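The values are calculated or read from the model by the stated rules, or taken from the named source; none is laboratory data. Values in this document were obtained by computation on a predicted structure and should not be read as measured data. Reconstructed Cβ throughout: ideal geometry from the backbone, glycine too, with neighbour counts over all protein chains shown. Note: areas computed on protein heavy atoms with side chains; ligands, DNA, RNA excluded. Shrake-Rupley method; radii C 1.70, N 1.55, O 1.52, S 1.80 Å.
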Amino acid sequence: MAIRYPNGKTYIHNDKSSPKKQLNNQLTSFSKRGMSLEEDLNASNQYYLAKEIAVIHKKPTPVQIVKVDYPKRSAAVIKEAYFRHASTTDYNGVYQGYYLDFEAKETQNKLSFPLKNFHEHQIVHMQQCIQQQAICFVIMRFATSERLFLLEAEQLLVYWNNQQGDGRKSIPLKELEKKGYEMYYELSPRVPYLKIVDRLIIKNKDKST
């Protein structure tokens with residue numbers, strides 16, 4: 001079908017990129033229409049659950065409700081509420097007999113990921129999970145470029161500890177390219193992070209032998 005501009009000229013598609021890159025761009029465009037990283041992960045977890053691949057959920061944030069109005073018997077409106085205490089990481093669950101625990105973060109930065117996006121209590125929680133031999137990691141998204149990375153919690157702790165004093169307060173993109181695992185959007189699931197988890201499981205088995 002010919003596509004024409006309002007002036008009558010025919011539109012000519014001039015994408016000279018490779019077929020693989022074109023496919024990745026199409027999948028990214030399809031997946032990311034107004035979706036946040038959290039929404040993409042929730043949809044991915046629903047897919048994993050429906051296919052009986054894994055049971056992974058977003059942790060609910062504990063809230064103390066203080067004031068509720070009842071304008072109707074069938075409706076309640078929360079007027080005042082407070083967080084009971086600081087939450088830990090965003091997601092946890094079970095996959096192939098392994099406990100997974102991970103955080104999801106986004107940034108508008110283009111060349112580095114700010115460590116201020118993480119909180120002390122989250123770092124402590126990750127340390128505790130690692131001590132119990134959990135598979136613990138963070139999923140990071142660069143919103144501007146739509147790039148996704150999975151970084152093992154052990155690596156995050158190194159950057160976190162190095163920022164003390166005059167250390168760098170962010171993780172350079174080039175460092176993530178070397179020490180993290182880049183992921184690409186798919187249709188189902190949108191964020192195929194369990195493919196990387198499979199590699200982490202093998203890596204951990206190799207360490208123990």
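Sort TYR47, TYR181, TYR70 by accessible area with a 1.4 Å probe, largest first. Numbers along the way, then the final one.
Numbers: TYR47 70, TYR181 40, TYR70 160 Å².
Greatest to least solvent exposure: TYR70, TYR47, TYR181.
Round to the nearest 10 and report in Å² the accessible area of VAL55, as given by a 1.4 Å probe over the protein chains' heavy atoms.
Ignoring ligands and nucleic acids, VAL55 comes out at about 70 Å².
Of LYS179/LYS205; LYS174/LYS195; LYS105/LYS195; LYS116/LYS205, which pairs sit farther than 26 Å apart, going by alpha carbon to alpha carbon? Each step should come with its number before you reach the end.
Details: LYS179/LYS205 19 Å; LYS174/LYS195 22 Å; LYS105/LYS195 19 Å; LYS116/LYS205 32 Å.
Table pairs above 26 Å Cα-Cα are LYS116/LYS205.
Could you calculate the FRET efficiency of GLU177 with ILE202 from 1/(1 + (r/R0)^6), where r is the beta carbon distance between them and R0 is 22 Å, rounded to 0.05?
Values: r = 21 Å, r/R0 = 0.97.
E(calc), rounded to 0.05, equals 0.55.
Once amide H atoms are built 1.01 Å from N in the peptide plane, which residues 5 or more positions from THR89, or in another chain, come under 5 Å H to H?
none
Relative to the present Cα-Cα distance, how much length would full extension add between LEU49 and ASP69 at 0.36 nm per residue of separation? Please list the in-between numbers first.
Values: separation 20, 0.36 × 20 = 7.20 nm, distance 3.62 nm.
The LEU49-ASP69 span can extend by a further 3.6 nm.
If ILE130, ILE135 are ordered by their accessible area, calculated over protein heavy atoms with a 1.4 Å probe, which sequence runs from highest to lowest? Present the calculation step by step, with values, prior to reporting the outcome.
On the way: ILE130 45, ILE135 5 Å².
Putting ILE130, ILE135 in descending order of accessible area: ILE130, ILE135.
Carbon-plus-sulfur fraction of the accessible area of segment 84-209, 1.4 Å probe, in percent? Numbers along the way, then the final one.
Details: 3180 of 6670 Å².
Exposed carbon and sulfur together represent 48 percent of the surface.
Tell me, what is the 1.4 Å probe accessible area of THR107, in Å² to the nearest 10?
The value for THR107 is about 10 Å².
What is segment 76-209 by shape, rounded, prolate or oblate, if you read a ≥ b ≥ c off the alpha carbon gyration tensor as root eigenvalues and call it rounded for a/c under 1.5, prolate for a/b larger than b/c, and oblate otherwise?
On the way: a/c = 1.25, a/b = 1.13, b/c = 1.11.
In terms of gyration-tensor shape, rounded.
Keeping all protein chains in place, calculate the accessible area per residue for segment 126-209 (probe 1.4 angstrom), answer in Å². Don't skip to the answer; put the middle values down first.
Working: 4480 Å² over 84 residues.
That works out to 53 Å² per residue.
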